[in-house]
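This report concerns only the one structure given below.
No value in this document is a laboratory result; all are computed from the given coordinates. Keep in mind that what you see is a predicted model, and the values were worked out from it rather than measured. Cβ: placed from backbone, ideal geometry, glycine included. Neighbour counts: every protein chain shown.
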Amino acid sequence: MITLLDYGAGNVRSVMNAVERLGGTLKLVTKPEDILSAEKLIFPGVGNYESMIRILNQKNYIKPLREYLSADRPFFGICLGMQALFQGSEEDFSGNESLGFFKGRVARFKTNLAVPHMGWNGINIKQDSPLLKGIDPGSRFYFVHSYHIVPEDPSVVLTTTTYDYEFTSAVQKGNVMGTQFHPEKSGGIGMQLLGNFIRSEALHGRGPVDIRGLGLAKRVIACLDVRSNDDGDLVVTKGDQYDVRDKGGVRNLGQPVALAKRYYEEGADEITFLNITGFRDFPLKDMPMLKVLEETSKNVFVPLTIGGGIRDYTDSNGQIYSALDVASRYFRSGADKISIGSDAVEVAMAYLATGKKTGTSAIEQISRVYGNQAVVISIDPKRVWVDSPEAAKGNHVVQSAEPGPEGQAYCWYQCTVQGGRQVRDLDAVALARACEALGAGEILLNCIDKDGTNSGFDLDLINAVRNAVSIPVIASSGAGCEAHFSQVFERTGAEAALAAGIFHRKEVPIQAVKVHLAQRGIPVRQG
Ligand code: 1PR
């Protein structure tokens, strides 16, 4: 029997699905007494530290948790759930009491690398623990965080991880343990570790060791553009430069849940669903995407992103739903990150026009509750060709390797909304910067000119955006072969590369991409 502490934020569904898959029976904490009656307690925390600690205090969970921990009863904190074990965080200005089981604090990454630290990274093992039984030191786990713990007592360090510098990525003292990485999102190896906690009778560590692990891998992401076809069935489709129709009908490349499962099994590091007609539907009215997430998260144990239609909405009865309401439903259905497209353009334009943050935009609201790392901005730019940089003053102009249709040597990248149907007077680089300032944690960088062309990623665009922000960038649009992936990682600073068409049409298997990247010396997760 596993008791799960769900304080209301983030994606607990994945942890529940993982525990059930491992044969555990689940009970949810609904009142303070449930904590003390637990046999084994798992605390998965995602999002913002201050908001988590405030909720734990409001629900009167702090006292029973302290009692449970000081009695050395089995406890496993994940991400924020582990950070809560410390005395406080640089992310918390409220002065609310934390658990203080471990001495030390939580600090923000101080690095020139992208923050959040996002993706599959290795572990250096510092204690011989039953929690790590069967874990190959060459394994990688999924991390997504901007803050890390700084324990005062080195003997509680279970693992460290290197991201620019070495930080503590897991702790253990007796039966109390926690990981900064997400085992429930780390595929088979994560399930092994979670299974060790669930099944082991004796969890105490057996003394210090020093085993070195691997570094951060580049991510390969499979993207599923989803919409209803003309018969009303939800299908995965794929366009050429965003036109998804073939002889009038919507192209059908498969069923979303089945395809996501296939990509998980083939080794995708993440899966992204984009509800491409989300701008005209209200996602909470008819909920096919919620169902897709619920079903997918039962079988897929890597991060899931969902985009399409995330914005404030007023229904025909005048009922108002905030973008945060929509996002919350997605998180509770199994999403780890949400992606905002059209609304981000409108929000960024308003922000750039006034220079003021309203605090009420979708980006700000969602990142405040769920953390920056949960908010991805999907950018859909189109090239605008010009003869000289002066012809596009105020925009980020690049000299293009391939000339434009009338021999133009330069272009800039204009933002679009509603899947490229409308353009806005905003440059993609300015959009990315503004969204980062508003609280976004990652950029999904498409390019309409390249989408579906199989001609390779737009390296000029990717470099322009990557150099302008300090959050991770996912390169998207145009992948046609394995070499395009090594090109994008060797010639730009992108942290991840995404493809759709070549995977759907089985032209290039995900494993072939990974093998190619490994041969070129680019770190990738195997498995
Ligand atoms: O604007 O917040 O409702 O979100 C809508 C989302 O749907 C946006 O993220 C937008 O990018 C996406 N979208 C809208 N229309 C289309 C379309 O194709 N007609 N798809 C669309 C975007 C682009 C990529 C694609 C890559 C890789 N898909 O994600 O998967 O270009 O393709 P490739 O490897 O085959 O070249 P909102």
Contour excess over end-to-end distance, with Cα ends at Ala350 and Asp230 and 0.36 nm allotted per residue: 39.6 nm
Quick one: work out the % antiparallel among DSSP beta bridges in the stretch 2-211, nearest 5. 65
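For the stretch 219-519, give the share of DSSP beta bridges that are antiparallel, in percent and rounded to the nearest 5; count only bridges with both residues there.
Rounded to the nearest five, the antiparallel share is 40 percent.
Name the trypsin sites (Lys or Arg not before Pro) in the stretch 475-527 that are in a loop by DSSP and that have at most 13 other C-beta atoms within 10 Å, would you?
Hits after loop and neighbour filter: Arg505, Lys506.
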Calculate how steeply helix 510-519 sits against the longest principal axis of the alpha-carbon atoms of the chain, using the helix alpha-carbon long axis, and give the answer as 0 to 90 degrees to the nearest 10. 80
Hey, can you grab everything whose amide H is under 5 Å from the amide H of Asp225? Only 5+ residues off in sequence or another chain; H modelled, so Pro and N-termini drop out. Thr237, Leu274
Are there GluC sites (Glu not before Pro) in the stretch 141-220 that DSSP marks as loop and that have at most 14 other Cβ atoms within 10 Å, and which are they? Glu152, Glu201
Over the alpha-carbon set of the stretch 2-211, divide Rg by the Kirkwood Rh and report the Rg/Rh ratio to two decimals. 0.92
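Calculate for the chain the 222 nm mean residue ellipticity that helices alone would give, adding -39,500 (n - 2.57) per DSSP H run of length 4 or more and normalising by residue count, nearest 500 deg cm²/dmol.
Result for the chain, helices only: -8000 deg cm²/dmol.
Jot down the per residue volume, in cubic angstrom and as a whole number, of the convex hull over the alpha-carbon atoms of the stretch 299-435.
With only Cα atoms used, the stretch 299-435 gives 153 Å³ per residue.
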What does the convex hull of the Cα atoms come to per residue for the stretch 275-369, in Å³? 105
Could you work out Rg/(2.2 N^0.38 Å) for the chain, with Rg from alpha carbons only? 0.96
Rounded if a/c is under 1.5, else prolate if a/b is larger than b/c, else oblate: which is the stretch 1-121, with a ≥ b ≥ c the root eigenvalues of its Cα gyration tensor? oblate
Return the sequence-ordered ³J(HN,Hα) values of the stretch 307-320 in whole Hz as given by the Karplus equation 6.51 cos²θ - 1.76 cosθ + 1.60 applied to θ = phi - 60°, using x for Gly and Pro. x, x, x, 8, 5, 5, 8, 10, 7, 5, 8, x, 6, 9
Rounded to the nearest 5, the percent of DSSP beta bridges in the chain running antiparallel is 50
Compute and list, largest first, the equivalent-ellipsoid semi-axes of the stretch 314-387 from the alpha carbon gyration tensor, each √(5λ) rounded to a whole angstrom. 25, 16, 14
Taking a ≥ b ≥ c as the square roots of the eigenvalues of the Cα gyration tensor, with a/c under 1.5 meaning rounded and otherwise prolate when a/b exceeds b/c and oblate if not, the stretch 147-226 is oblate
GluC sites (Glu not before Pro) lying in DSSP loop within the stretch 1-50, provided at most 12 other Cβ fall within 10 Å: Glu39
Taking the Cα-to-Cβ direction at Lys393 and at Gln422 and moving 7 Å from each Cα, how far apart do the two end points lie in nm? 2.8
Apply the Kirkwood formula to the stretch 219-519: the hydrodynamic radius equals the inverse of the mean of 1/r over all pairs of different alpha-carbon atoms; give it in Å with one decimal. 19.4
Express in nm, to one decimal, how much length is gained between Val209 and Gln319 on full extension, taking 0.36 nm for each residue of separation and deducting their alpha carbon distance. 33.7 nm
Longest principal axis of the chain (C-alpha) makes with the long axis of helix 323-332 (C-alpha) an angle, in degrees to the nearest 10, of 50
Residues with amide H under 5 Å of Val209's amide H, sequence separation 5 or more or different chain, H placed in the peptide plane at 1.01 Å from N; which? Gln127, Asp128
Which FRET efficiency, nearest 0.05, do Glu50 and Lys247 yield, Cβ-Cβ r, R0 51 Å? 0.40
29 Å Cα-Cα threshold exceeded, pairs from Lys133/Lys291; Lys238/Lys298; Lys218/Lys382; Lys185/Lys506; Lys40/Lys110: Lys133/Lys291; Lys40/Lys110
List the aspartates and glutamates whose Cα lies under 18 Å from the Cα of Lys357, skipping any in the same chain that are fewer than 8 positions away. Asp312, Asp343, Glu346, Glu436
Could you calculate the FRET efficiency of Asp136 with Asp312 from 1/(1 + (r/R0)^6), where r is the beta carbon distance between them and R0 is 35 Å, rounded to 0.05? 0.15
Against the longest principal axis of the chain, how steep is helix 342-354, in degrees 0 to 90 to the nearest 10, with axes from Cα atoms? 90
Need the C-alpha centroid separation for the stretch 84-116 versus the stretch 178-194, integer Å. 22
Taking r as the C-beta separation of Asp153 and Thr30 and R0 as 35 Å, the FRET efficiency to the nearest 0.05 is 0.55
